[in-house]
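Visitor: To start, I am sharing the structure in question, which I have written as structure tokens.
Taken together, the values in this text are just the output of simple stated rules run on the coordinates, not laboratory data. If you're wondering where the values come from, they're calculated on a predicted model, not measured in any experiment. Positions of Cβ are generated from backbone atoms using ideal geometry, with glycine treated the same way; all protein chains shown enter the neighbour counts.
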Amino acid sequence: MEEENAGMLRVLKVSYDYLPTATMQECFLTCCLWPEDFSIKREKLVECWLGLGLIAGSGSIDDDFDTGSRIITVLKDVRLLESDGDGSGTQGVRIHDMIRDMSIWIASECGATRNKWLVRAAVGIKTASKSRS
């Protein structure tokens, strides 16, 4: 079963691999930080990208939000995100569970050694571990 799942993740990863820019790839990977079937408000998603420094610095805050909105449109066009609610996608987007699984796989295992993340859903972490130098 794990081989089938890994094979499916590799097939799904093609959409990720063909995103036009590394910035779009990084922005997409942040979507795995939200729970399954969660409606991600477009504004909050762009704010997350700004906070992480993924799209900041292109000019005014309005320009940055326009950039974020264009990235969301591309991610929807390639079916990595889907519209939430009425289909217009103006309020929020969702990430399908298999696409989310793929993004977690990329971010934590198969991704490049730089900027690796550890994403564990529903583990109930109560305290943060101490940093080791």
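Visitor: Sequence gap at least 6, Cα distance under 8 Å: using those rules, report the relative contact order of the stretch 2-110 to the nearest whole percent.
Guide: Over the stretch 2-110, the number comes to 35 percent.
Visitor: Express in nm, to one decimal, how much length is gained between residue 77 and residue 44 on full extension, taking 0.36 nm for each residue of separation and deducting their alpha carbon distance.
Guide: Full extension from residue 77 to residue 44 adds 9.9 nm.
Visitor: Now for a different question. What FRET efficiency would be calculated for the residue pair residue 4, residue 96, taking the C-beta separation as r and a Förster radius of 25 Å, to the nearest 0.05?
Guide: Working from the Cβ atoms, E equals 0.90.
Visitor: Which of 5, 61, 75 sits closest to the plus end of the dipole of the stretch 2-110, meaning its Cα is farthest towards the positive end, when Lys and Arg get +1 and Asp and Glu get -1 on the C-beta?
Guide: Comparing the listed Cα positions along the dipole, 61 ranks first.
Visitor: Continuing with this model, one more query. Suppose every Lys and Arg Cβ carries +1 and every Asp and Glu Cβ carries -1, with no other charges. What dipole size does the stretch 1-54 come out with about its Cα centre, to the nearest 20 debye?
Guide: 280
Visitor: Can I ask one more? Suppose R0 equals 30 Å. What FRET efficiency, 1/(1 + (r/R0)^6) with r the Cβ-Cβ distance, do residue 17 and residue 69 give to the nearest 0.05?
Guide: That gives a FRET efficiency of 0.85.
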